[in-house]
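Remarks on the structure that follows.
The values are calculated or read from the model by the stated rules, or taken from the named source; none is laboratory data. A quick note: this is a predicted structure, and the numbers were derived from the prediction, not measured. Here the Cβ is made from the backbone with ideal geometry for all residues, glycine too, and neighbour counts use every protein chain on show. Surface areas here come from the heavy atoms of the whole protein model, side chains and all, with no ligands, DNA or RNA. Shrake-Rupley method; radii C 1.70, N 1.55, O 1.52, S 1.80 Å.
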Amino acid sequence: MTARLLDGQAIAAAIRQSVLPDVAAFATAVGRPPGLGIVLVGEDPASEIYVRNKVRAGTESGLWVDLQRLPSSATLEDLLVVVERLNRSDPHDGILVQSPLPAAMGRGAAQRVFDAIDPEKDVDGFHPVSVGRLVQGRAQLAPCTPSGVIEMLQRSDIPMSGARAVIVGRSEIVGKPMAMLLLQRDATVTVCHSKTRDLPALCATADILVAAIGRAGFVTPDFVRPGATVVDVGINRVTDGAIARRLFAPGSPRLADFERRGSVVVGDVHPDVVEVAGALTPVPGGVGPLTIAMLLKNTVAAAQGRQRPA
Ligand code: GUN
């Protein structure tokens with residue numbers, strides 16, 4: 001069996017198309033487009049790429065995107081001052097502070113920053129109020145990556161109601177909110193982590209397996225029930241030739257890519273899983289584009305929410 005590949009680019013394009021009328025209607029009614037403030041601290045190369053893609057996608061969809069950069073020498077207090085300014089600014093409907101923050105800001109800095117964002121502008125869905133609303137099934141702004149996964153499953157006609165869903169990874173950004181969103185769609189959800197016993201066998205009970213652990217090629221075919229849907233949230237840059245050769249067969253185009261560039265982007269799911277799964281999200285081109293599409297959707301939702309009387 002070869003898995004059906006779920007095309008994240010196409011689904012993201014459809015979502016982005018669907019927000020255009022709402023952006024136009026907002027701009028007509030309010031006299032300005034929905035606004036998104038993005039704060040990037042330092043020069044982390046992966047964050048530079050993610051932020052560039054977010055700015056471009058937002059601008060292409062007619063949003064006003066305001067990128068605020070701080071040097072890597074900025075302190076947590078400097079960053080909190082910027083967040084407070086964006087909280088008070090009317091044209092900024094959404095606020096996103098790109099993580100990770102520089103290590104020098106200290107442990108717990110990201111959570112302190114997320115806690116400082118006005119929940120009505122929290123397009124990442126990381127504020128405790130947003131998390132509480134999500135757990136209670138009344139999210140206004142749910143985290144972008146897991147809500148993108150739900151859109152992908154829905155639009156690909158993959159049933160969630162009654163399905164056994166297994167999530168590998170319990171992060172605040174993906175694993176935990178993913179569990180809530182699947183539970184709200186009546187899946188039976190198990191969340192696994194580094195201490196889980198018999199992990200491959202447990203994963204092999206899943207109708208829907210979500211890999212969100214940040215380890216290249218960790219989910220091998222023995223984790224996958226034949227025909228299951230496998231969602232790969234991982235984005236790992238592999239620069240070690242031994243790892244690349246363990247993941248990709250000799251002569252494969254991806255290995256040739258690695259030889260040419262010295263690196264290759266790989267998900268958390270081993271490429272051989274395509275032979276076992278019923279449906280699979282590729283990396284790149286699977287979940288990644290959906291995260292950005294959901295950010296645009298959340299920004300429009302935040303903008304609309306702020307215009308409604310409380
Ligand atoms: N870093 C990696 N993913 C994300 C995300 O979804 N939001 C923010 N703010 N930072 C991230």
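Checking the condition among the charged types (D, E, K, R) and within 15 Å of the ligand (Cβ to nearest atom), which residue from Arg52, Arg56, Arg138 passes?
Arg52
Let's see how each residue does on (1) crowded, with 20+ Cβ neighbours inside 10 Å; (2) touching a residue at least 24 places away in the same chain (Cβ under 8 Å):
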residue	(1), (2)
Ala3	yes, yes
Ala14	no, yes
Ala46	no, yes
Trp64	no, yes
Val81	no, no
Leu96	yes, yes
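Quick test of your reading of the structure: Ala25 fulfils all but one of (1) touching a helix residue (DSSP H, G or I) at 6+ places or on another chain (Cβ under 8 Å); (2) aliphatic (A, V, I, L, M); (3) in a helix (DSSP H, G or I). Name the failing condition by number.
Result: Ala25 passes all but (1).
Of the residues Pro309, Pro289, Pro271, Pro282, only one is free of Cβ contacts under 8 Å to residues at least 12 places away in the same chain and not basic (Lys, Arg); which?
Pro309
Which of the residues belonging to region 19-49 are within 12 Å of the ligand (Cβ to nearest atom) and out of contact with any strand residue (DSSP E or B) (no Cβ under 8 Å at 6 or more places or on another chain)?
Result: Asp44, Ile49.
Among the residues of region 291-299, is any away from the ligand (no atom under 16 Å from the Cβ) and surrounded by 15 or more Cβ atoms within 10 Å (Cβ to Cβ)?
The answer is no, given that none of the residues of region 291-299 is away from the ligand (no atom under 16 Å from the Cβ) and surrounded by 15 or more Cβ atoms within 10 Å (Cβ to Cβ).
Taking into account only those residues within region 261-275 that are β-branched (Val, Ile, Thr) and open to solvent by 30 Å² or more (accessible area, probe 1.4 Å), which is nearest to Thr2 (Cα to Cα)?
Ranking the qualifying residues of region 261-275, first place goes to Val274.
What residue, among those in region 159-178 that are among the β-branched types (Val, Ile, Thr) and open to solvent by less than 20 Å² (accessible area, probe 1.4 Å), is farthest from Thr205 (Cα to Cα)?
Val174
Out of region 94-112, which residues are part of a loop (DSSP other than H, G, I, E, B) and within 16 Å of the ligand (Cβ to nearest atom)?
Gln98, Ser99, Pro100, Leu101, Pro102, Gly108, listed by residue number.
Run down Leu153, Leu181 and say which single residue is crowded, with 17+ Cβ neighbours inside 10 Å, modelled with pLDDT of 95 or more and within 16 Å of the ligand (Cβ to nearest atom).
Going through Leu153, Leu181 in turn, just one is crowded, with 17+ Cβ neighbours inside 10 Å, modelled with pLDDT of 95 or more and within 16 Å of the ligand (Cβ to nearest atom): Leu181.
Of Arg254, Arg246, Arg237, Arg306, which residue is within 16 Å of the ligand (Cβ to nearest atom) and either part of a helix (DSSP H, G or I) or surrounded by fewer than 21 Cβ atoms within 10 Å (Cβ to Cβ) (or both)?
Unique residue meeting the criteria: Arg237.
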